[in-house]
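Okay, structure first, notes after.
The values are calculated or read from the model by the stated rules, or taken from the named source; none is laboratory data. Here the structure is a predicted model, which is why all the values come from computation and not from measurement. Quick reminder, even Gly has a Cβ in these numbers, built from the backbone with ideal geometry, and neighbours come from all protein chains shown.
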Ligand code: BTN
């Protein structure tokens, strides 16, 4: 992975650049990286601040031969690979908030955005977008994000070499992807659960069908989170925002 490699100074979003490359037939593993994005995208239609040279803003082209409903598994796999590689490099205790945010002491340091293109229920390609706030400083964040977001530099007190961070991530990602292709999603679930900060705490889940209060207890093979409700029953939640602990 990371071959071929396309490095840009400024793009609107590496998601768009990688998508155009995929439409042109770019091979699996093609990696698009930008020093800066003028309109970086987050999940749920939000933006993503991507100041020049301070973070890792990149998108990978994936062409897995799995049906479309397996795409969430790749988001979770990517979160595990990122979390493990960033822990190794920084020594910081980084956790995964379902589905794919990486947090240090409750503050977000990285986010993942998977966008897919399908044809007749088969995946044509997936664009896995990864944003890592590596060397951002306090004044790079707008006031409304200061309590919610941080960077590896702020949390760990030292500037990191971005190339080393990318190399560490790609190595971990390749190993997990191979494990996934050989053994399916089961081993990834186990690794995900060990890094999760979402399990066992009662939260409000904001789903497209309305709010649900409950305690996430496990990750399911589908990528859904299994939530125990107050009446003791269980529910699988596929898509939601996790609110504050209750
Ligand atoms: C989120 O947590 O909401 C997902 C954030 C994903 C950000 C990355 S940065 C590289 C890629 N290009 C984008 O425009 N977004 C993703």
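Quick notes
- In segment 38-59, the count of residues that are touching a strand residue (DSSP E or B) at 6+ places or on another chain (Cβ under 8 Å), in a helix (DSSP H, G or I) and within 13 Å of the ligand (Cβ to nearest atom) is one or more.
- Flag for residue 113 being within 14 Å of the ligand (Cβ to nearest atom) and either under 23 Å from residue 225 (Cα atoms) or not assigned by TED's automatic domain parsing to the domain that holds residue 175 (or both): yes
- Filter pass, residue 79 being in a helix (DSSP H, G or I), in contact (Cβ under 8 Å) with a residue 40 or more places away in the chain, within 13 Å of the ligand (Cβ to nearest atom) and buried (at least 18 other Cβ atoms within 10 Å of the Cβ): yes
- Answer residue from segment 82-125, given it is modelled with pLDDT of 95 or more and assigned to a loop (DSSP other than H, G, I, E, B) and is farthest from residue 150 (Cα to Cα) among those: 91
- Of the strands (runs of 3 or more DSSP E) entirely within segment 172-246, those holding at least 2 residues that are over 22 Å from residue 111 (Cβ atoms) and either without any contact (Cβ under 8 Å) to a residue 40 or more places away in the chain or not assigned by TED's automatic domain parsing to the domain that holds residue 104 (or both) occupy 210-219, 225-229, 234-237.
- Test: residue in segment 17-36 that is modelled with pLDDT of 95 or more, within 9 Å of the ligand (Cβ to nearest atom), in the same structural domain as residue 128 (by TED's automatic domain parsing) and in a loop (DSSP other than H, G, I, E, B): no
- From the options 63, 88, residue that is away from the ligand (no atom under 15 Å from the Cβ), more than 18 Å from residue 30 (Cα to Cα) and in the same structural domain as residue 179 (by TED's automatic domain parsing): 88
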